[in-house]
1. Among the residues of segment 347-377, count how many are open to solvent by less than 40 Å² (accessible area, probe 1.4 Å) and outside any loop (DSSP other than H, G, I, E, B).
2. Please enumerate the residues belonging to segment 175-197 that are touching a Lys or Arg at 6+ places or on another chain (Cβ under 9 Å) and surrounded by 14 or more Cβ atoms within 10 Å (Cβ to Cβ).
3. Go through the residues of segment 325-332 one by one and say whether even a single one is surrounded by 15 or more Cβ atoms within 10 Å (Cβ to Cβ) and over 20 Å from PRO288 (Cβ atoms).
4. Going through HIS327, HIS348 one at a time, which residue ends up being over 25 Å from the mean Cα position of the chain (by Cα), over 21 Å from LYS202 (Cα atoms) and not assigned by the TED database to the domain that holds VAL192?
5. When you look at ARG344, is it over 22 Å from GLU181 (Cα atoms) and either modelled with pLDDT under 95 or open to solvent by less than 20 Å² (accessible area, probe 1.4 Å) (or both), yes or no?
6. Go over the candidates VAL120, VAL154, VAL130 one by one and state the one that is open to solvent by less than 100 Å² (accessible area, probe 1.4 Å), outside the structural domain of GLU190 (by the TED database) and either part of a helix (DSSP H, G or I) or not hydrophobic (A, V, I, L, M, F, W, C) (or both).
7. Restricting segment 258-279 to residues that are open to solvent by less than 40 Å² (accessible area, probe 1.4 Å) and out of contact with any strand residue (DSSP E or B) (no Cβ under 7 Å at 6 or more places or on another chain), which is modelled with the lowest pLDDT?
Amino acid sequence: MDQNDFQQYYSGRQLAGGPSMASTANHTPLRPGTPNTDRNPFGDDRVDTHISQRNGAVNPFASPSASRPASRPASSFGSSSALGRGHEERGQRYFHSRRVKKGEVEKPWMDKTDPKEKWVTILPILGIVVGLGISGFLVWDGLRSVVTHKYCMVMEDDFSGGFNTDFWTKEVQLGGFGNGEFQMTTAGDENVYVENGHLHIKPTLQDAALIDKDSIINLLKDGTCTSKSPSDCIAATNTTAGNSTIVPPTRSGRIVTKGKKSIKYGRVEVTAKLPKGDWLWPAIWMMPEEDKYGPWPASGEIDIMESRGNNHSYAQGGNNIMSSALHWGPDLANDAWWRTNVKRPALHTTYSADFNIFGLEWSQKYLFTFVNSRLLQVLYTNFDE
């Protein structure tokens, strides 16, 4: 089919709103094998530019005449037919529109609402308001019930005036203090001294002659022992029996306020920098003035702080860990300290890197320990439980 044949055939399509061109134009019969193109291959109401121009109309969907090729294969016009009827309908639906008639669109917001539906909004809001009110009351009641203690100063020592014997006593013992400690505490200035306004407790090595040879240390004989028990005051080295016994290999110090200053309830704060080194065991303890309920631990013990001088690689925690504990129970075999023991790690540092405040708050209702701030609690015990 040449160009004239195509234009003559295509002009046979009836244009919307006009007479059929088929009544005035000669229709060329289809050649065998030529696809039937008696419809617009685009599935819409497009009008050929040549035809529309003859009728004085301009088709806005048609390509300019100059852009059309001089000759177009017949197969290209039938390609849209090969897509099937569904493609034609989809093309028609793409440009399809309808005007919504009045009354066809549902408007549920115009309907009359059920008066009970308002409770769907009112009840949650009411619940939130009541919940906030109850929470506010509980907070107020909690703050009101906190006992505001009015403390009076019992003891304060910053060691600016040296070692104050009105507050402190240097313990002198070598029995291991119930823990099997390898130390002998002394009363001299070698292990406990004040320098530049700071109290120092420094461990040193024992005299080598007391370890290498048969020897004996008897603190009861020289009257320096602060305990009346011989096991706390006498130690010996026995080299002839395979070193079956040995005097403590280290010397250190312990200071106490026992017999000079004591409290029942109150607050204690100790600012300290813990030591660094293996085998060291720094501690801040509160022991009873009298064993009213029996020997340790029946009369109790409050450990404000315990730590180690080992570094962080130590299996049970080194100087990066501190702990607080209460020792209590009817006898040594039933010491229930593990029920009231809490460890607190230092935050990105160690307790030997700088000074920290180790504190205790103790009242009739509760006891808690803290580090640096009362808010940073370590061990909390409610006596009502």
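The values are calculated or read from the model by the stated rules, or taken from the named source; none is laboratory data. Bear in mind the structure is a predicted one, so any value in this text is a computation, not a measurement. Note: ideal-geometry Cβ built from the backbone for every residue, glycine included; neighbour counts use all protein chains shown. Ligands, DNA and RNA are stripped out before the accessible areas are found, and what is left, the full protein with its side chains, is counted by its heavy atoms. Shrake-Rupley method; radii C 1.70, N 1.55, O 1.52, S 1.80 Å.
1. 11
2. Correct list: PHE177, GLN183, MET184, THR185, THR186, ALA187, ASN191, VAL192, TYR193.
3. Let us first name the residues in segment 325-332 that are surrounded by 15 or more Cβ atoms within 10 Å (Cβ to Cβ), namely 325-329.
Checking the rest, the ones that are also over 20 Å from PRO288 (Cβ atoms) come to none.
No, the conditions are met nowhere in segment 325-332.
4. Matching residue, one of HIS327, HIS348: HIS327.
5. The answer is no for ARG344.
6. The unique qualifying residue is VAL130.
7. Only one residue tops the list, namely GLY277.
Every residue, every condition in (1) closer than 30 Å to GLU195 by Cα; (2) within 39 Å of the chain's Cα centre (by Cα); (3) among the small types (Gly, Ala, Ser); (4) modelled with pLDDT under 95, yes or no:
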{"site": "TRP109", "(1), (2), (3), (4)": "no, no, no, yes"}
{"site": "THR113", "(1), (2), (3), (4)": "no, no, no, yes"}
{"site": "TRP119", "(1), (2), (3), (4)": "no, no, no, yes"}
{"site": "VAL129", "(1), (2), (3), (4)": "no, yes, no, no"}
{"site": "SER135", "(1), (2), (3), (4)": "no, yes, yes, no"}
{"site": "ARG144", "(1), (2), (3), (4)": "no, yes, no, yes"}
{"site": "LYS150", "(1), (2), (3), (4)": "no, yes, no, yes"}
{"site": "PHE159", "(1), (2), (3), (4)": "yes, no, no, no"}
{"site": "PHE167", "(1), (2), (3), (4)": "yes, no, no, no"}
